[in-house]
Every structure is written in C-alpha cells, then in structure tokens.
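Only one structure is covered here, and it is reproduced in the block below.
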Amino acid sequence: MTSEADDTTKRGQTMTPADEPSVWLQDLTWEEVELHLAKDRVILIPCGSTEQHGPAGVLGVDTYVATGIVEDVAKRMGALCAPPLWFGDSPHHMAFAGTITLRTETLMAVVTDVCRSLASHGFDKIVLVNGHKGSNLPALGSAVRALHEESLPRVVFAVADPLHLARSVAPSIKEVNEHHGGELELSQVEYRYPGRIRMDRLTDQGAAFAEVFGGFVSDDLFGPALDGVDIIWSSAEQRRFAPTGSLSSSAGVTREKGKDFHEHIVGRLCELVDWMRANVGPIGGPAF
C-alpha cells in the first residue's frame, strides 16, 4: 500500500540534523538543546498509558504507539521529542493486574507543567501525540486549551491521535472491527517494536457491544459513527463483559498492517510539522 505519506517520508528523511546524537530530549545536554532551539522550535510529546491490552498486548502498548510515531516524525523532520508520559487516564482497566492510572485532573496538571516548561525554553510549536486512543483526549485537550487561552497565546498546540489521523486508511487495512487490544494497534507495535506483542497469544475474542451497550456504543472506533452516547463502565464491569481484556479481535495482527497504519500516521504528522513551521497566524498570533 502506498499513499501521499510516502512522499512526505522520503522528503523528510534528509532533514535530521547530523550533528545531534538523538531526537530525544533526555539524551541531549542542555547546551545541545539550546543550540537546537536556535534553528527549530518544534517538539513532540508522546502521551501513552500503562494498562492491560488483552492476552497478547503488553501493558505499554499505548506508549509504544506514541513513542514510535514521534521518534519517526522527529527523525524525518529534524525536530525533538520530549520524554514519554507512561501513565494515562485508565481507571476502566484497573480490574486487570499491572494497570496504573492517573486521575484526569492529575494528567491535566502534568501536561500543563510539561508544556509550560518547554514553552519557557522557547519551544513554541508543541504537538501532543496520544497513543491511548481517545481516552487521554479530554485531559490533553483541556490542559492545552487553557494554556493557550490564558498564558501561552503565541504557542501553537496540536493534539494528535491515531483515532483521527488514520480514519481514511484504517478501513482498508483492518479485517475486523477495531476497539481495544485489536489488530491495528497491536500490529503497529509489532511493526515498530518487533517481539513486544505476544504473537502466540493472539485471540479472536472481543466484547459483545450490541448486547452490553444496547446499540448505543460502537464496537469499531474506525467504523461509521452510531447515533450513540457515551455509556460509562467501571473496571469491574469491563472484567465481566471482556474477561480477557480484549474488546476486539487481535487474531489478524501482522507487521505489514502495522507498517501501513503507522506510516500513514507518521506522514500526516510530518505534514503537520511543515504547516506549523510555515504558519504565520492567526493561530499563534498576537493576542487581542
């Protein structure tokens, strides 16, 4: 499968500065970061979670998704990445061992402080990449919306999520409905971090969404939107209606699917970085 992302990828691959040892902030000295800021002010922040992803998916799936995306974008576009946020808004998975969750307000506070710190050094184009499909978005969006409105009007913020970045290609890649612990996100991790997914434990089990939620909650995050509502469930309830932790089948996981899915997302984010660098307003312009 080829797409418009391929041209972006090829163009961007020549842009990584040869004199910088890493695209990761934590691998650089403060002087190296200061030198980088003299030529570019884009930074990507990977936001993930540590939570169950069924019998085949490791607890770090969402963070691996986010880190793989931002690293590839940064290398192709000559940008930097902040250290990943390994914990997210995951209370609905707490009935499964190993899950660690933050309160929504805690995640908002962490994101606020991270962004304020980066902006104080001169990073004025900040992209938060959410690997925890959908679930972190309320906290991430609320945090940066308040920052941009109240204290950082000249910083351009973007919140990116595979849930929205890959809507045009996901239906042509996946073979079954995709929700949690499904073939797309596990394929993406298996492509980008080979060996992390327990390929011998893939399952075709999922949750009976129509029965559990009365037809108001879709079992396919990349399918046609229902005339639905958000029905809130607890971790104990999830353990009852999805005892393995898988809400959709992972039986079709392949690295090829992961590559197509991943590269489309990376390509779109490279285009976003291009736009952010060329943008002269009104987003990020002078405050009224």
- Looking across the stretch 208-231 at residues that are outside any loop (DSSP other than H, G, I, E, B) and open to solvent by less than 50 Å² (accessible area, probe 1.4 Å), the single one that is nearest to residue 183 (Cα to Cα) is 209
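For the stretch 2-18, does any single residue satisfy the condition of being crowded, with 20+ Cβ neighbours inside 10 Å, farther than 15 Å from residue 126 by Cα, modelled with pLDDT under 95 and more than 19 Å from the chain's Cα centre (by Cα)?
Of the residues in the stretch 2-18, the ones crowded, with 20+ Cβ neighbours inside 10 Å are 5, 8, 12.
This time we only want the ones that are farther than 15 Å from residue 126 by Cα, so: 5, 8, 12.
Filter again for modelled with pLDDT under 95, leaving 5, 8, 12.
With the extra rule that they be more than 19 Å from the chain's Cα centre (by Cα), the set shrinks to 8, 12.
Yes, the stretch 2-18 has at least one match.
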- Item | the stretch 99-116 residues that are open to solvent by less than 20 Å² (accessible area, probe 1.4 Å), paired with ones that are among the β-branched types (Val, Ile, Thr) and in a helix (DSSP H, G or I) (beta carbon under 9 Å, 6 or more apart) | 111/144; 115/144
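From the list 239, 201, 196, pick out the single residue that is farther than 26 Å from residue 259 by Cβ, open to solvent by 70 Å² or more (accessible area, probe 1.4 Å) and in contact with a Gly (Cβ under 9 Å, 6 or more places away or on another chain).
On the way: 201 fails: farther than 26 Å from residue 259 by Cβ; 196 fails: farther than 26 Å from residue 259 by Cβ.
Exactly one residue qualifies, and that residue is 239.
This table checks each residue for (1) over 14 Å from residue 192 (Cβ atoms); (2) at pLDDT below 95.
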position: 240; (1), (2): yes, no
position: 244; (1), (2): yes, no
position: 253; (1), (2): no, no
position: 261; (1), (2): no, no
position: 266; (1), (2): no, no
position: 270; (1), (2): yes, no
position: 276; (1), (2): yes, no
position: 282; (1), (2): yes, yes
position: 287; (1), (2): yes, yes
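Name the residues in the stretch 172-229 that are at positive phi and free of Cβ contacts under 8 Å to residues at least 24 places away in the same chain, would you? Break it down stepwise before answering.
We begin by selecting, within the stretch 172-229, every residue at positive phi; these are 181, 195, 214-215.
Residues satisfying the conditions are 195, 214, 215.
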- Message: Just to verify a result, which residue in the stretch 184-207, among those that are in a loop (DSSP other than H, G, I, E, B) and β-branched (Val, Ile, Thr), is nearest to residue 59 (Cα to Cα)?
- Response: 197
- Scan the stretch 72-93 and give yes if some residue there is among the β-branched types (Val, Ile, Thr), buried (at least 20 other Cβ atoms within 10 Å of the Cβ) and more than 21 Å from residue 142 (Cα to Cα), otherwise no. yes
- Item | Failed item, numbered, when residue 261 is tested on (1) assigned to a loop (DSSP other than H, G, I, E, B); (2) among the aromatic types (Phe, Trp, Tyr); (3) touching a residue at least 60 places away in the same chain (Cβ under 8 Å); (4) open to solvent by less than 40 Å² (accessible area, probe 1.4 Å) | (1)
- Query: So which residues in the stretch 117-139 are assigned to a loop (DSSP other than H, G, I, E, B) and either open to solvent by less than 40 Å² (accessible area, probe 1.4 Å) or among the polar types (S, T, N, Q) (or both)?
  - Reply: 122, 123, 131, 132, 133, 134, 135, 136
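What residue, of 246, 250, 234, is under 25 Å from residue 166 (Cβ atoms), out of contact with any helix residue (DSSP H, G or I) (no Cβ under 6 Å at 6 or more places or on another chain), touching a residue at least 40 places away in the same chain (Cβ under 8 Å) and surrounded by 12 or more Cβ atoms within 10 Å (Cβ to Cβ)?
Testing whether each residue is under 25 Å from residue 166 (Cβ atoms), out of contact with any helix residue (DSSP H, G or I) (no Cβ under 6 Å at 6 or more places or on another chain), touching a residue at least 40 places away in the same chain (Cβ under 8 Å) and surrounded by 12 or more Cβ atoms within 10 Å (Cβ to Cβ) leaves just 246.
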- Query: So, in the stretch 23-59, of the ones that are in a loop (DSSP other than H, G, I, E, B) and touching a Phe, Trp or Tyr at 6+ places or on another chain (Cβ under 7 Å), which residue ends up surrounded by the most Cβ atoms within 10 Å (Cβ to Cβ)?
  - Reply: 49
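The values are calculated or read from the model by the stated rules, or taken from the named source; none is laboratory data. Because the structure is a prediction, the values reported are computed rather than measured. All Cβ positions, even for glycine, are placed from backbone atoms using ideal geometry, and neighbour counts span all protein chains on display. Just so you know, the surface numbers come from the protein's heavy atoms only, side chains and all, with ligands and any DNA or RNA stripped out. Shrake-Rupley method; radii C 1.70, N 1.55, O 1.52, S 1.80 Å.
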